[in-house]
Amino acid sequence: MNEEEPGWEVDPDDEWGLAVLATVGRQLRLRREVVGMRVVDFAKAMGYSEDMVYKVEGGKRIPQPEFLDKADKVLSADGLIAAMKEDTDKVRYPKKVRALAEVEAKAVEIQLYDPLSIHGLLQTPEYARVLLTMRRPAYTEVEVERFFAARMARKSVFERDPAPELGFVLEEWTLRRPLGGRELLRRQLEHLLEVAQLRNVELQVMPMEREEHAGVDGSIEVLKFADGSAVGRSPAVANGRAVEEPRQLRILELRYGIIRAQALTPRESTAYIEQLLGAT
């Protein structure tokens, strides 16, 4: 294991995350002291620097899963330290992403429109990673891994039982631009066709030839819950903040409804993606 391999930085305004890491670090330090191992000896056995061990024990860094697995063996903890991966797995996702995933986990219906790229919930792992590496200013390798893990974790929405109703509207140009290469795009299109077959998913394509388009104000996200409440978000409403007020939600639902009407039907969209795949 690389001694210089960094852990993840802690989001300073993530109070819950900081509390979790403080607890994990304290338990790790107590276990090390119980077996009578000094920091210098523990760091050597782990393959990390002493500074990294101090930061993890002090709750200043998010330990990666491999760190906790090895620490469990080095300290003969019988799985007690390794079990803390469940907590640190949640902390490693940025606070905003974690909050979004929690809301998505409760929704019974999710309506999504993204004019800039294929929505994150629909991205293959390879496609998602390529998009993250294209960001400018560039993310560090650690940031790429962290955001990638968070994006993949949100896909658990497809595994829920009962599954929520999911609606996606995709822009045609996002399905044509070969970001990462044509083979990567081909696998992404194949994945879209697989997702489109799910009974709880409606996937529609907005053709570039449309002369009228209700999505010119940007992305739309509306989540509806079993109790009849809803929350929405769009850069054109409330400066992109989440809204629950009925009047603002009606605006988002109106725009989304018109966008869906202007787009190809789900059946037409599937046929169109198949056509694009054949030409890729």
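Looking only at the range 51-72, how many residues end up being surrounded by 15 or more Cβ atoms within 10 Å (Cβ to Cβ) and more than 29 Å from the chain's Cα centre (by Cα)? Total meeting the criteria: 1. Please enumerate the residues belonging to the range 35-55 that are closer than 18 Å to Ser76 by Cβ, in a helix (DSSP H, G or I) and in contact (Cβ under 8 Å) with a residue 40 or more places away in the chain. Across the range 35-55, the qualifying residue is only Met46. Whenever a residue of the range 220-249 is more than 16 Å from Gln111 (Cα to Cα) and basic (Lys, Arg), it has no partner that is at pLDDT below 90 and surrounded by 12 or more Cβ atoms within 10 Å (Cβ to Cβ) lying with C-beta atoms less than 7 angstrom away and at least six residues away or across chains. Residues in the range 113-135 that are surrounded by fewer than 18 Cβ atoms within 10 Å (Cβ to Cβ) and among the acidic types (Asp, Glu): 1 in all.
Results for (1) surrounded by 18 or more Cβ atoms within 10 Å (Cβ to Cβ); (2) touching a strand residue (DSSP E or B) at 6+ places or on another chain (Cβ under 9 Å); (3) not assigned by TED's automatic domain parsing to the domain that holds Gly240, shown as yes or no for each residue.
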site	(1), (2), (3)
Arg182	no, no, no
Leu185	yes, no, no
Gln188	yes, no, no
Val195	no, yes, no
Asn200	no, yes, no
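Number of residues in the range 153-189 that are among the aromatic types (Phe, Trp, Tyr) and under 19 Å from the mean Cα position of the chain (by Cα): the value is 2. Where residues in the range 190-234 are in a strand (DSSP E or B) and acidic (Asp, Glu), which of them is farthest from the chain's Cα centre (by Cα)? Per the criteria, the residue is Glu202. Taking the range 164-189 as the range and being charged (D, E, K, R) and not in a strand (DSSP E or B) as the test, the residues that pass are Glu172, Arg176, Arg177, Arg182, Glu183, Arg186, Arg187.
Count of the range 122-163 residues, restricted to those that are in a loop (DSSP other than H, G, I, E, B) and without any contact (Cβ under 8 Å) to a residue 60 or more places away in the chain, is 11.
For the range 238-251, filtered to residues that are under 23 Å from the mean Cα position of the chain (by Cα) and under 13 Å from Ile220 (Cβ atoms), the residue that is surrounded by the fewest Cβ atoms within 10 Å (Cβ to Cβ) is Gly240. Looking across Glu202, Glu194, one residue alone is free of Cβ contacts under 8 Å to residues at least 12 places away in the same chain and of a type outside the set (A, V, I, L, M). It is Glu194. Criterion applied to Ala105, Ala138 was being more than 24 Å from Glu190 (Cα to Cα), exposed (fewer than 14 other Cβ atoms within 10 Å of the Cβ), of a type in the set (A, V, I, L, M, F, W, C) and modelled with pLDDT of 90 or more, and the one residue passing it is Ala138.
Among the residues of the range 104-121, at least one is assigned to a helix (DSSP H, G or I), within 30 Å of Gly59 (Cα to Cα) and either under 15 Å from the mean Cα position of the chain (by Cα) or of a type outside the set (A, V, I, L, M, F, W, C) (or both).
The values are calculated or read from the model by the stated rules, or taken from the named source; none is laboratory data. Here the structure is a predicted model, which is why all the values come from computation and not from measurement. Positions of Cβ are backbone-derived with ideal geometry, glycine not excepted, and every protein chain shown enters the neighbour counts.
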